[in-house]
Amino acid sequence: MNPNAPAPADAPPPSGPTTVLVLAKEPVPGRVKTRLTPPFSPEEAAELAAASLADTLLAVLSLPAARRVLVLEGRPGPWLPPGIDVVTQCSGGLDERLAGAFGGCDGPALLIGMDTPQIGPAHLAPALAPDGWDRCDAWFGGAEDGGFWALGLAVPDPALLRGVPMSVPETGAVQRARLLDAGLRVRELDRLSDVDTAEDAVRVAGLAPHGRFAATLGRLNRAAAR
């Protein structure tokens, strides 16, 4: 059995104390994954973004959670499976939008993005285990590019995110320091690569070769080779 495989579609989703949030943009050409162009066209980059988001949401459905929420900029599409609630992102910079996502929660919350389609239950199991919040105030998943792919807070406090510089090499270090400076006990999740460039896409697809993202990338690369 693959421990990273999502639960069957007809199985009831597992429950737990934590709300799982996914922050995402609607996969519209020219508005998502712009660093993939070139070599991909804006339409192809949007296809890859949609596949990445679909894989992420299917993984979320297999996680033990009190609630599963897509915090979306834009409109839902065919990539949205049943069982995921949708709320609208607030306006402002990325730090404000992240803060707003946590501000809508009244209990433990774990937030991930749409750029790590390789995630599976094993990556988030420590934070979502029955004892995941014992002697722990925050979970932090750093990204290879210096950012972070996951952030969990036992007590969601939007002030912990506001003002953190986003999309720069020191984003993860500043965010983690913000948690520690607030006196929080921080535990670490695996460090992962997210998809920003075409090289990232190939690497990440290789980590989850049976997902929709890998299938979409393979199809686009085969079409380009003809």
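Enclosing the Cα atoms of the range 60-168 in their convex hull gives a volume equal to 116 cubic angstrom per residue.
Angle of helix 94-103 to the longest C-alpha principal axis of the chain, folded into 0 to 90 degrees and rounded to 10: 50°. Entry note, the chain: the mean residue ellipticity at 222 nm calculated from DSSP H runs of n ≥ 4, each adding -39500 (n - 2.57), is -10000 deg cm²/dmol after division by the residues and rounding to the nearest 500. Considering only DSSP beta bridges with both partners in the chain, what is the antiparallel share in %, to the nearest 5? Here the antiparallel bridges make up roughly 30 percent for the chain. Loop-located GluC sites (Glu not before Pro) across the range 116-219 with a Cβ neighbour count of 16 or fewer within 10 Å are Glu144, Glu170, with loop assigned by DSSP.
Computed as a quarter of the hull surface, the mean projected area of the alpha carbon convex hull for the range 1-112 stands at 7.9 nm². Heavy atoms of the protein chains alone define the surface here; on that basis the chain has 47 Å² accessible area per residue at 1.4 Å probe size. Computed on the chain, the Cα convex hull volume stands at 118 Å³ per residue. Listed peptides 118-124, 33-39, 218-224 appear in the order 118-124, 33-39, 218-224 once ranked by packing, highest mean of other Cβ atoms within 10 Å at the front.
Which shape class applies to the range 120-198: rounded if a/c is under 1.5, otherwise prolate when a/b exceeds b/c and oblate if not, where a ≥ b ≥ c are the square roots of the Cα gyration tensor eigenvalues? In terms of gyration-tensor shape, oblate. Counting only protein heavy atoms and a probe of 1.4 Å, the accessible surface of the chain is 54% carbon and sulfur.
The values are calculated or read from the model by the stated rules, or taken from the named source; none is laboratory data. Every value quoted in this text rests on a predicted model; they were computed, and no experiment measured them. Backbone-built Cβ (ideal geometry, glycine too); neighbour counts: all protein chains shown. Side chains are part of the model used for accessible areas, which takes the heavy atoms of the whole protein and leaves out ligands, DNA and RNA. Shrake-Rupley method; radii C 1.70, N 1.55, O 1.52, S 1.80 Å.
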